[in-house]
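Below is one structure, written out as structure tokens, with a few remarks after it.
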Amino acid sequence: MQSWGIVVIAVWGALWTLVSFRPPVRPAWLMAPAFFAAWWTTELAPIHLVLQAVLVAVAISMNALETWYGWVALAVTLVSWVGLARSVRGATGTGRTLATALTDGLGPSWAEGLPDRPTRGHREWTRVVLPFRFKRAGVERIRNLVYVEGSTTKRHRLDVYRHRDTPPGAPVLLQIHGGGWIIGDKSQQGQPLMHLLASHGWVCVAINYRLSPKATWPDHLIDCKRALAWIRTHIAEYGGDPDYVVATGGSAGGHLTAMMGLTANDPQYQPGFESVDTSVRAMVPFYGVYEWDDPRNGNGEALTDILARYIVKRSYAEAPDLYRSASPVHRVHADAPPALIIHGDHDTLAPVEEARRFAAELRAVSRNPVVYAELLGAHHAFEVFNSIRTLDAVAGVERFLDWLLVTAPPAAAGDGPRPTPRRA
């Protein structure tokens with residue numbers, strides 16, 4: 001019986017490892033569970049290794065190797081561990097990937113004059129072991145501030161993250177959650193990045209926005225701009241500089257981040273608040289969706305159907321101009337803000353080819369730097385919780401923002417970079 005136990009452990013572990021490298025996308029119903037299995041296995045590979053090793057050790061101590069199939073199961077498990085070890089190794093290269101991308105996008109001397117910070121976030125091993133430990137010393141969260149006057153829906157609320165000792169005039173990060181424009185909440189994404197930046201003197205604002213099917217495009221983007229309008233008016237009360245805002249977000253939030261950067265002050269997305277400045281200093285989209293109208297996109301019929309049924313509520317044939325105008329790849333222009341675009345090469349929900357095309361199109365026309373970082377072995381939503389890859393990725397984002405602060409500091413910063421680093 002013990003031998004069959006090790007067989008079950010071996011097969012189960014090997015399936016998770018296999019899916020992490022080659023998640024199936026057909027049939028369509030299997031795509032979502034395969035993504036979750038691949039995501040958890042890849043980002044939690046060290047934990048998977050330890051847990052499987054413990055289970056195998058227990059099975060062996062109970063004489064699980066008394067039969068030939070027990071030995072075969074052990075061999076399968078060892079091969080599976082090689083795959084998990086490869087995932088870990090790929091994740092440890094994230095810091096180098098970000099450093100190379102920053103050098104390619106900003107030039108060889110980009111790091112001169114920046115604050116001295118660790119560039120490898122995965123040295124915080126306690127956070128790798130405790131993937132949902134986000135809190136950092138001194139960081140507080142002010143919850144559920146209403147950003148649309150008179151609104152009673154929770155979709156028009158935001159949270160502010162800041163260090164208790166943050167001086168006035170701190171730079172501001174606007175975090176936009178993902179979820180296919182249909183689900184999601186401000187508390188579910190961006191936590192590792194926001195807590196890191198808040199511990200180092202940023203003021204971070206995580207927003208909700210109206211979701212489909214109740215909302216119809218471009219309601220989602222309009223709400224993001226309304227939140228930015230609130231920041232312009234109120235963020236100084238929380239220590240932030242209303243004129244220094246960087247937008248970030250993942251998945252649908254990555255799409256909205258790119259649209260925020262590329263549609264600044266467009267009156268069609270600012271009904272009733274057309275005079276508000278909705279420009280941002282930079283955009284940092286993670287694993288975004290950048291093309292709603294291109295049949296080459298790897299989302300294929302799934303994205304087309306979701307957009308037509310729930311988001312746009314019209315087919316592409318009925319409203320091609322609307323689909324095109326909602327695609328960041330078609331909104332690039334010379335005055336686009338500096339960009340750091342981050343995507344995983346194993347992403348099955350927002351295929352990496354879109355990110356490559358978006359980065360290439362933006363680089364071709366923008367007068368500002370465009371940094372593109374493609375992370376080896378990373379799936380969609382990789383930075384939702386702490387992992388080796390997540391901690392290195394958010395450290396890389398902070399280095400990009402350090403560069404931004406030095407090259408284009410807030411008005412209150414004088415000649416020196418802001419914010420000053422603190423121990424987290």
Being assigned by TED's automatic domain parsing to the domain that holds L114, under 21 Å from T103 (Cα atoms) and among the hydrophobic types (A, V, I, L, M, F, W, C) is true for just one of L376, L349. Which residue is that? L376
Options T166, T92: the member that is polar (S, T, N, Q), touching a His at 6+ places or on another chain (Cβ under 8 Å) and either within 24 Å of V370 (Cβ to Cβ) or in contact (Cβ under 8 Å) with a residue 60 or more places away in the chain (or both): T92
So L65 passes all but one of these: (1) buried (at least 20 other Cβ atoms within 10 Å of the Cβ); (2) modelled with pLDDT under 85. Which condition number does it fail? (1)
Does the range 315-326 contain any residue that is at negative phi, touching a helix residue (DSSP H, G or I) at 6+ places or on another chain (Cβ under 6 Å), assigned by TED's automatic domain parsing to the domain that holds G190 and modelled with pLDDT under 95? yes
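So which of T153, T126 is without any contact (Cβ under 8 Å) to a residue 60 or more places away in the chain and closer than 19 Å to A393 by Cβ?
Of T153, T126, the one residue that is without any contact (Cβ under 8 Å) to a residue 60 or more places away in the chain and closer than 19 Å to A393 by Cβ is T126.
Residues being within 18 Å of the chain's Cα centre (by Cα) and surrounded by fewer than 21 Cβ atoms within 10 Å (Cβ to Cβ): count how many of those fall in the range 165-183.
Kept after step one, since they are within 18 Å of the chain's Cα centre (by Cα), are these residues of the range 165-183: 172-183.
So of that shortlist, the ones also surrounded by fewer than 21 Cβ atoms within 10 Å (Cβ to Cβ) come out as 179-180, 182-183.
Of the residues in the range 165-183, 4 are within 18 Å of the chain's Cα centre (by Cα) and surrounded by fewer than 21 Cβ atoms within 10 Å (Cβ to Cβ).
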So, L174, is that one in contact with a Phe, Trp or Tyr (Cβ under 6 Å, 6 or more places away or on another chain), of a type outside the set (G, A, S) and under 30 Å from D305 (Cα atoms) or not? no
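Does G138 satisfy the condition of being touching a strand residue (DSSP E or B) at 6+ places or on another chain (Cβ under 6 Å), surrounded by 12 or more Cβ atoms within 10 Å (Cβ to Cβ) and either under 22 Å from G239 (Cα atoms) or not assigned by TED's automatic domain parsing to the domain that holds R363 (or both)? Break it down stepwise before answering.
Details: touching a strand residue (DSSP E or B) at 6+ places or on another chain (Cβ under 6 Å): yes; surrounded by 12 or more Cβ atoms within 10 Å (Cβ to Cβ): yes; either under 22 Å from G239 (Cα atoms) or not assigned by TED's automatic domain parsing to the domain that holds R363 (or both): yes.
Yes; evaluated as a whole, the condition is true for this residue.
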Looking only at the range 55-78, how many residues end up being within 16 Å of V11 (Cα to Cα) and not hydrophobic (A, V, I, L, M, F, W, C)? 3
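Check whether at least one residue in the range 19-28 is farther than 18 Å from P351 by Cα and out of contact with any Gly (no Cβ under 7 Å at 6 or more places or on another chain), and report yes or no.
Let us first name the residues in the range 19-28 that are farther than 18 Å from P351 by Cα, namely none.
The answer is no; no qualifying residue exists.
Could you tell me which residue of the range 250-264 is farthest from the chain's Cα centre (by Cα), considering only residues that are part of a helix (DSSP H, G or I) and among the small types (G, A, S)? Lay out the reasoning, then the answer.
Step one: filter the range 250-264 for residues part of a helix (DSSP H, G or I), giving 252-262.
Then drop every residue that is not among the small types (G, A, S), which leaves 252-254, 258, 261.
On the way: A252: 10, G253: 8, G254: 7, A258: 13, G261: 16 Å.
Restricting to residues being part of a helix (DSSP H, G or I) and among the small types (G, A, S), the top hit is G261.
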Is there any pair with a first residue in the range 345-356 that is surrounded by fewer than 21 Cβ atoms within 10 Å (Cβ to Cβ) and a second that is assigned to a helix (DSSP H, G or I) and not small (G, A, S) whose Cβ atoms are under 6 Å apart and which are 6 or more apart or on different chains, and what are they? D345/V352
Any chance the range 1-14 includes a residue that's within 24 Å of V384 (Cα to Cα), at pLDDT below 80 and not in a helix (DSSP H, G or I)? no
For the structure I just gave you, tell me whether H234 is surrounded by fewer than 24 Cβ atoms within 10 Å (Cβ to Cβ), at pLDDT 95 or above, out of contact with any Cys (no Cβ under 9 Å at 6 or more places or on another chain) and assigned by TED's automatic domain parsing to the domain that holds P218. yes
The range 191-219: number of residues that are surrounded by fewer than 24 Cβ atoms within 10 Å (Cβ to Cβ) and more than 21 Å from R162 (Cβ to Cβ): 10
Can you tell me which residue within the range 315-331, out of those that are aliphatic (A, V, I, L, M) and surrounded by fewer than 22 Cβ atoms within 10 Å (Cβ to Cβ), is nearest to S251 (Cα to Cα)? L322
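Tally time: how many residues in the range 215-247 are of a type in the set (S, T, Y) and either touching a helix residue (DSSP H, G or I) at 6+ places or on another chain (Cβ under 6 Å) or assigned to a helix (DSSP H, G or I) (or both)?
Step one: filter the range 215-247 for residues of a type in the set (S, T, Y), giving 216, 233, 238, 244.
This time we only want the ones that are either touching a helix residue (DSSP H, G or I) at 6+ places or on another chain (Cβ under 6 Å) or assigned to a helix (DSSP H, G or I) (or both), so: 233, 238.
Total meeting the criteria: 2.
Would you point out the residue of the range 237-249, among those that are crowded, with 24+ Cβ neighbours inside 10 Å and not small (G, A, S), that is farthest from the chain's Cα centre (by Cα)? Lay out the reasoning, then the answer.
So in the range 237-249, the residues crowded, with 24+ Cβ neighbours inside 10 Å come out as 240, 244-249.
Filter once more, keeping what is not small (G, A, S): 244-246, 248.
On the way: Y244: 21, V245: 17, V246: 14, T248: 8 Å.
Going through the qualifying residues, I end up with Y244.
The values are calculated or read from the model by the stated rules, or taken from the named source; none is laboratory data. Keep in mind that this is a model prediction, so the values were computed, not measured. We place every Cβ from the backbone using ideal geometry, glycine too, and count neighbours over all the protein chains shown.
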